[in-house]
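Input: a single structure, listed below in C-alpha cells.
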Amino acid sequence: MRMQFRLASSLLALSLAAVMAACSDSAVGPNEAHQDGSAAAWLKRNAGARAGGVTSFVYDPNLNAIFELSGGHQIFFARGSVCDPATSTYGVTEWDKPCNPLRAPITITAQTFKDANGRPYVDFSPALRFVPGRLVVLALYDRHAAEDATSIINWCGPGGQCVDESLTSPELVTRREVGKGMVVRTIKHFSGYNISVGRTGYSDAY
C-alpha cells in the first residue's frame, strides 16, 4: 500500500497532545458492534449522500504507517496501536481500558461517501478499538471544511447519529491543516461505528 508522510508535523503535534479520558455507555463485543450496518444507517439519515471508493489495506502491528484512502483521506497508526478484536470489548465505556495488542497483521477496509453538502464520511471495518496511549490519527480531505473554524470530525454510531466526542474527551479535538485541505484528529476506535466530518448544522452533525 502506497504511504505518504505529508501530515508528519500534524501527527507529531497530535501525539504530544494525546491524553486519555473516560466516556460512558454499554460495552459489547466488536463484531456485535458492527453487525447492524452503520453505513446503511448513516445513508438513511443523509438523503442525497453518494458513495465514493473502497480501500483495503493491511495494518502491521510492528510498524508505524500512514495509509491513503479513497477520496484523498489518510489514516495513521502508531506501532502496536490496535487492540486484538478476538479478546477486546467495544463501546464508549471501553475506549480507555487496557487491552491485548494485536500481534498479527490484519486487513482493514475503508468505504468513503459524501453527504449532500459534499462533506466526507468514512466507514471502517472490521470493528476495532485502539490501545490506550497509542496514537491513531484520521485525516479527512475537504478543502472547504479545512478553511472553516467550526469544522469537526464526528463519530457516527450504529443508528447513523453523529456526535462530537471531544465534548467528553478534549484530547479528541479536531485540528485543521488549511494548506493541505485536511481536517484531522486522533481517534480511539472506528469499526463500522464510523467516522464522519462535518460542521454544525450539516446533515452529519448530531
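The values are calculated or read from the model by the stated rules, or taken from the named source; none is laboratory data. Just so we're clear, the structure is a prediction, and the values are computed from it rather than from any experiment. Cβ atoms come from the backbone with ideal geometry, glycine included; neighbour counts cover every protein chain shown.
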Sole exception among (1) surrounded by 14 or more Cβ atoms within 10 Å (Cβ to Cβ); (2) modelled with pLDDT under 70; (3) of a type outside the set (D, E); (4) more than 22 Å from C156 (Cβ to Cβ) for M1, by number: (1)
Test set (1) modelled with pLDDT of 90 or more; (2) out of contact with any helix residue (DSSP H, G or I) (no Cβ under 7 Å at 6 or more places or on another chain) - E171 fails condition number: (2)
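Of everything in the range 142-154 that's within 16 Å of L172 (Cα to Cα) and either of a type in the set (D, E) or buried (at least 21 other Cβ atoms within 10 Å of the Cβ) (or both), which residue is farthest from the chain's Cα centre (by Cα)? Walk me through how you get there before you give the answer.
Looking only at the range 142-154, we keep the residues that are within 16 Å of L172 (Cα to Cα), and these are 149-154.
Within this subset, residues satisfying the condition of being either of a type in the set (D, E) or buried (at least 21 other Cβ atoms within 10 Å of the Cβ) (or both) are 151-154.
Numbers: S151: 15, I152: 12, I153: 8, N154: 9 Å.
In this case the residue turns out to be S151.
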Matching strands (runs of 3 or more DSSP E) fully within the range 43-98 where at least 2 residues are in contact (Cβ under 8 Å) with a residue 60 or more places away in the chain and surrounded by 15 or more Cβ atoms within 10 Å (Cβ to Cβ): 65-68, 74-77
Qualifying residue in the range 189-206 (condition: modelled with pLDDT of 90 or more and either of a type in the set (A, V, I, L, M, F, W, C) or surrounded by fewer than 16 Cβ atoms within 10 Å (Cβ to Cβ) (or both)): no
Failed item, numbered, when A104 is tested on (1) in contact with a strand residue (DSSP E or B) (Cβ under 7 Å, 6 or more places away or on another chain); (2) touching a residue at least 40 places away in the same chain (Cβ under 8 Å): (1)
Qualifying positions in the range 128-150 - out of contact with any Gly (no Cβ under 8 Å at 6 or more places or on another chain), small (G, A, S) and on the phi < 0 side of the Ramachandran plot: A139, A149
Some residue of the range 29-42 being more than 15 Å from the chain's Cα centre (by Cα) and modelled with pLDDT of 95 or more: no
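Among what's in the range 104-141 and is of a type in the set (V, I, T) and assigned to a strand (DSSP E or B), pick the residue that is surrounded by the most Cβ atoms within 10 Å (Cβ to Cβ). Break it down stepwise before answering.
If we filter the range 104-141 for residues that are of a type in the set (V, I, T), which is where we start, we get 106-109, 112, 122, 131, 136-137.
Of the ones still in play, those that are also assigned to a strand (DSSP E or B) are 106-109, 112, 122, 136-137.
On the way: I106: 16, T107: 10, I108: 20, T109: 13, T112: 20, V122: 25, V136: 22, V137: 23.
The extreme case among them is V122.
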